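S.K.: Take this structure first; my questions come after.
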Amino acid sequence: MHIPIDEIVTLSGLSHAIVYNILQLHNDHGSLHNPLILPPGSGRHRNLERDLMYTQGLLNANATIFLDEIQDHLAETRNIKVSIATLSRSPLKSCNHTQVCRKGSTRM
């Protein structure tokens, strides 16, 4: 069944661009969703629990270590790429139970 684009736009209330995008997706993938795109938030999240003992060992050895230094150690020794933001949200504590230093702040 072939319905003119203008009629689809009128009946659906969608813009021409959206209707064309939907038709292109259906033509390319046989679906209204692109199977090649992951939904937001579905990327691989690293659970630091397995590596927490290692990072805690770094802190025990050097309580004033910076987050970027922890990041470098994880990359070099454990082949783990983790962001500074993730490290800052993790439950890492220095020996004196204060927050781990961030670049630019004074060391503890």
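S.K.: Note down the net charge around Tyr20, summing +1 for each Lys or Arg and -1 for each Asp or Glu among other residues with Cβ under 13 Å from its Cβ.
M.R.: Around Tyr20, the charge tally is -2.
S.K.: Label points 7 Å out from Cα along the Cβ direction at Gln24 and Ile84: separation in nm?
M.R.: The answer from the label model is 3.8 nm.
Here, each number is a calculation from the coordinates, and none is a lab measurement. Because the structure is predicted, anything quoted here is derived from the model rather than measured. Virtual Cβ from ideal backbone geometry, glycine too; neighbours counted across all protein chains shown.
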